[in-house]
1. Sorted by mean Cβ packing within 10 Å, highest first, what order do the peptides 96-106, 199-209 take?
2. With a 1.4 Å probe and every protein chain left in place, work out the accessible area per residue of the chain in Å², rounded to a whole number.
3. Calculate, for H55 and Y89, the FRET efficiency according to 1/(1 + (r/R0)^6) with r their C-beta to C-beta distance and R0 25 Å; round to the nearest 0.05.
4. Helix-derived [θ] at 222 nm for the chain: sum -39500 (n - 2.57) over DSSP H runs of at least 4, divide by residue count, nearest 500?
5. Give, as ranges by residue number, the residues of segment 118-142 whose backbone N falls under 15 Å from the point 7 Å along Cα→Cβ of R41.
6. Against the 2.2 N^0.38 Å scaling, with N counting residues, where does the chain land? I'd like the Cα-based Rg ratio to two decimal places.
7. Of the lysine pairs in segment 46-215, how many meet both conditions: Cα atoms under 30 Å apart, and a spacing of 8 or more in sequence or different chains?
8. Pop a pseudo-label 7 angstrom from the Cα along the beta-carbon direction at both R298 and E257 and give the gap in nm to one decimal.
Amino acid sequence: RHRGLEAVLVHHRWVFVCLFLLPLSILFDVYYQLRAWAVWRLHSAPRQHAQRVRHIQAQVREWKNEGSKRYMCTGRPGWLTVSLRVGKYKKIHKNIMINLMDVLEVDSERQVVRVEPLVTMGQLTAHLNPMGWTIPVVPELDDLTVGGLIMGTGIESSSHIYGLFQHTCVAYELVLADGSLVRCSPTENSDLFYAVPWSCGTLGFLVAAEIKMIPAKKYVKIHYEPVRGLQKICEKFTEESKKKENSFVEGLVYSLEEAVIMTGVLTDEAEQSKINRIGNYYKPWFFKHVEKYLKADRTGIEYIPSRHYYHRHTRSIFWELQDIIPFGNNPIFRYLFGWMVPPKISLLKLTQGEAIRKLYEQHHVVQDMLVPMKSLEKSIQTFHVDLNVYPLWLCPFILPNNPGMVHPKGDEAELYVDIGAYGEPKRKQFEARASMRQMEKFVRSVHGFQMLYADCYMTREEFWDMFDGSLYHKLREQMNCKDAFPEVYDKICKAARH
């Protein structure tokens, strides 16, 4: 039961979102775009970077001089992250302020871009595309940061070729627990290079990263194909994911027996009549646009401007926005107010209040499970029984057998798939903790992995059964991290925090 303002915020949240958060989100975007433009024009980022890193080192040394009594963490407020989880540890740990949000260098000869950790995907593609470059894996949402995608993980529909976001990085720079600055790569401090991904900031503070670049092209030629029958869906998706000639592969599963499989190819040429600028504010939300091919039971081909494609799920936050603004995809709303969409996830978190947070925790699921492609059919059936959330997002990726927390069971690289479930479970007996523990158990049984931005209910033993902690724990011992940073499990798992 809720009363007064709380009742409005819980049951009619769209009122608050439309009147306050959408205009605020626009102001946020304008400020950060102007700032990024000014910094690049003045070439101030590389000069100021060294100074800012020295300031971080000074804060770490100050922590040491104070007696290293508390763990350290970044001082960035928890509400600014895209993860829906609220990190309570910020209140009890020593906050190290890390104000690093600029593109430092674009090296066309080496085909590498060097960036600070708070650079966002929207900022990076806006910076690189006009120069004729892009990065191989561009996770969809504009506000995802490089640091979050390295310390957590990131994926895109090009990952069947390039792997996860971490596999496109060639070097990291970190400030360690003793205040020293180190660079690591596959050939320099290689153990640290492979241990950093998925470590969630528990080995050191990331201050810069070098990411591979590839030439950008103007369009993505997309082929939409409706598929019916779970076995056929899985066969078709697996077949397309194995083809390296597909620049992109993605699946949207609308029910246990219905999906649209999309394949895309980068190109500079386009048939003018088939160009669809899906990123324009008045256009239908992408997942609704895709659904039309399923309802009409027809295939289709379109040419989408490449930057519009990279951020195709941003405007509707995949399909989460339909729960916040139920009429958000209505043509009238899109034409009048679509230019303000989406509200910042960070602002949604900041203003959600305890009542909404508890409602989301118990009646809403936001999870990405990474499972071997050979387990896809069984996985979708499990998602259907335990959650019954649709659409499901399917994104294939190749997982190389590198050292670190996440790698295939065998000695060879293996094709995996990310199954993303976002929304309100329709399963009648859904209970957040019990249902998610059941899902986690299944994912462990097929040697899969759970993305760590989401709520995690595993015990410590179960967590380290899912992830390979051998290199991670060895480095925490070697680099004296145990007194400086919490273990990754203690930082992200519900069982450790309650």
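1. Result, highest mean Cβ count within 10 Å first: 199-209, 96-106.
2. Dividing the accessible area of the chain by its residue count gives 43 Å².
3. Computed FRET efficiency for H55 and Y89: 0.65.
4. Result for the chain, helices only: -10500 deg cm²/dmol.
5. none
6. The chain yields a ratio of 0.94.
7. Lysine pairs satisfying the spacing and distance rule in segment 46-215 number 8.
8. 2.4
The values are calculated or read from the model by the stated rules, or taken from the named source; none is laboratory data. No experiment lies behind these values; they were computed from the predicted model shown. When we count neighbours, we look across all protein chains shown, and the Cβ atoms used for this are built from the backbone with ideal geometry, even at glycine. Accessible surface is based on the protein model in full, side chains and every heavy atom, while ligands, DNA and RNA are left aside. Shrake-Rupley method; radii C 1.70, N 1.55, O 1.52, S 1.80 Å.
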